[in-house]
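Accompanying notes for the structure given below.
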Amino acid sequence: MRRSLFIFLTLFTIFLSGCNSSDRSLADVVRDIRKTIPNFTIPTLHGYEVNAVFDVSLPQSDTSAFIINYTERKGKKLKSEFGPEDSIQALYGPYEGDGLLDIGISEPVSGKSTTEYENTRIVNGLTIQYNRSVPFNAIMISTEYNGLSYLASSRSITNQQDEEQFLELFTKALKE
């Protein structure tokens, strides 16, 4: 009995030493962000996992902004390439996996946007503006919902059907 308890404690200690003490759960990250943006939530995109959450708030700005990176399959945790002196901080992740799409969430900024959008339409009751770059298989979407601004981009839009699916997926995720 003592031997099996010793083996268990040894293996458990080895496991804990391999864990990064700075690893935080997604729920902890959301709870911390809500101290800044009370109605912040991470949109759930069916078929995708959260790969990373970044704080991209600029110190000289009063606006808080966060980017959620999604992947189809998340692997092991990677070392963040950003340090304390950078204006971008990894709050969760990043993990191995192809970053397929990003959603930026911020408080609305007053004034005119510097981005000109080619298309405006209503999808799932949300007015969205978007640009599509066919040569780069990319799309960028902007909308406001529930008192927050959202900017989404994906680099894997290859045809009209993919575009429609992404617009549908994005707008449903915001409303759930």
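The values are calculated or read from the model by the stated rules, or taken from the named source; none is laboratory data. From a predicted model like this one, the values you see are computed outputs, not experimental measurements. Counting neighbours? That spans all protein chains shown, and the Cβs are built from the backbone with ideal geometry, glycine included. With ligands, DNA and RNA removed, areas are computed over all heavy atoms of the protein, side chains included. Shrake-Rupley method; radii C 1.70, N 1.55, O 1.52, S 1.80 Å.
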Residue 42 being outside any loop (DSSP other than H, G, I, E, B), of a type in the set (Val, Ile, Thr), modelled with pLDDT of 80 or more and within 30 Å of residue 136 (Cβ to Cβ)
no
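For (1) under 28 Å from residue 27 (Cα atoms); (2) free of Cβ contacts under 8 Å to residues at least 40 places away in the same chain; (3) open to solvent by 30 Å² or more (accessible area, probe 1.4 Å); (4) part of a loop (DSSP other than H, G, I, E, B), each residue gets a yes or a no:
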residue: 140; (1), (2), (3), (4): yes, yes, yes, no
residue: 161; (1), (2), (3), (4): no, yes, yes, no
residue: 167; (1), (2), (3), (4): yes, no, no, no
residue: 171; (1), (2), (3), (4): yes, no, no, no
residue: 174; (1), (2), (3), (4): yes, no, no, no
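Okay, residues lined up against (1) modelled with pLDDT of 90 or more; (2) surrounded by 10 or more Cβ atoms within 10 Å (Cβ to Cβ); (3) in a loop (DSSP other than H, G, I, E, B); (4) basic (Lys, Arg):
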site	(1), (2), (3), (4)
5	no, no, no, no
31	yes, yes, no, yes
37	yes, yes, yes, no
98	no, yes, yes, no
Taking the range 47-75 on its own, how many of its residues are assigned to a loop (DSSP other than H, G, I, E, B), of a type outside the set (Phe, Trp, Tyr) and farther than 21 Å from residue 87 by Cβ?
5
With under 14 Å from the mean Cα position of the chain (by Cα), more than 21 Å from residue 73 (Cα to Cα) and open to solvent by 20 Å² or more (accessible area, probe 1.4 Å) as the only criterion, which of 91, 151 stands out?
151
